[in-house]
1. Excluding Ala143 itself, what net charge comes from residues whose Cβ is under 13 Å from its Cβ, given Lys and Arg +1 and Asp and Glu -1?
2. What full-extension length gain, to one decimal in nm, is calculated for Asp142 and Arg189 as 0.36 nm per residue of separation minus the Cα-Cα distance?
3. Given the -39500 (n - 2.57) contribution per DSSP H run of 4+ residues, what per-residue ellipticity at 222 nm results for the chain, rounded to the nearest 500 deg cm²/dmol?
4. Using a Förster distance of 35 angstrom, determine the FRET efficiency expected from the C-beta separation of Arg197 and Val17, and round it to 0.05.
5. Using 1/(1 + (r/R0)^6) with R0 = 41 angstrom and r between the beta carbons of Glu4 and Asp85, what's the FRET efficiency to the nearest 0.05?
6. Over the Cα atoms of the chain, each weighted equally, I'd like the Debye log10 I(q)/I(0) at q = 0.12, 0.16, 0.17 Å⁻¹, rounded to two decimals.
7. Angle between the Cα long axis of helix 173-189 and the longest principal axis of the chain, 0 to 90 degrees, nearest 10?
8. Measuring from the lowest to the highest alpha carbon on each principal axis, how far does region 1-99 reach, largest first, in angstroms?
Amino acid sequence: MSDEGVVRVAVLDARAVVRAGVGALLDGRDGIAVVGSFASGAQLRSWARPFDVLVVDPALDGGQALAPAVARATALGAGVLALADAHSSALIRAVAAAGASGVVLQTAEPGVLADAVLGVARYPGPMFRVWTGAAEAQPVPDAGLNRGERQVLALYASGVKAEAVARTIGLSASTVTTYVSRIRRKYERAGRAASSRVDLYRRAVEDGVLAGEALAAAG
């Protein structure tokens with residue numbers, strides 16, 4: 001953040017209307033200032049001013065621009081938030097593998113995008129999550145998952161196999177299996193079913209780890 005506590009955001013998207021829309025939604029909201037807008041990775045690479053969060057289209061240049069954009073943002077000390085127009089386990093895996101901090105869907109409410117930006121600004125490192133605009137109908141008991149468990153849950157509950165989760169976040173497959181077992185136990189202690197992958201989808205959606213659209217893939 002700046003010395004004044006402002007969260008500085010840059011936007012990377014080839015679509016001018018998306019850049020303008022994100023800027024209009026974020027600039028001046030909740031202490032956020034949009035300081036850069038780029039139509040290409042080349043424009044981002046030539047930018048030297050500091051920012052805190054890069055909002056990027058993960059499909060830019062057929063997805064080839066994502067990893068270089070994350071690398072450039074990381075070099076500038078910023079976190080990366082992918083703004084996606086669809087939900088899929090392949091997309092989540094690609095964004096996580098590139099080193100981004102998370103994904104927010106374009107179908108989410110405007111306030112969710114601001115919350116996601118603020119979340120990434122606070123934790124720009126490897127805590128990966130998917131932000132959703134779904135409101136909770138009823139409060140549910142907190143399972144008390146830690147940051148690492150939420151990161152594993154975001155990928156595993158999206159249909160990513162344990163071996164691929166391990167490769168994506170740099171753990172061994174056995175460690176991922178241990179994480180999943182621990183996640184199940186925590187949910188079960190909270191009185192929330194977690195014995196199947198479909199259960200884990202539902203718990204992840206309830207806790208805002210995954211977007212509600214993920215439930216379709218679980219069926």
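1. +3
2. 15.9 nm
3. Helix-only estimate at 222 nm: -13000 deg cm²/dmol.
4. Plugging the Cβ-Cβ distance into 1/(1 + (r/R0)^6) gives 0.40.
5. 0.80
6. Scattering profile of the chain, log10 relative to I(0): -0.61, -1.04, -1.15.
7. Once rounded, the angle reads 70 degrees.
8. Cα spread of region 1-99 along its principal axes, largest to smallest: 38, 26, 22 Å.
The values are calculated or read from the model by the stated rules, or taken from the named source; none is laboratory data. The structure displayed is predicted, hence computed values, not measured ones. When we count neighbours, we look across all protein chains shown, and the Cβ atoms used for this are built from the backbone with ideal geometry, even at glycine. Heads up: the accessible areas ignore ligands, DNA and RNA and are worked out on the full protein's heavy atoms, side chains in. Shrake-Rupley method; radii C 1.70, N 1.55, O 1.52, S 1.80 Å.
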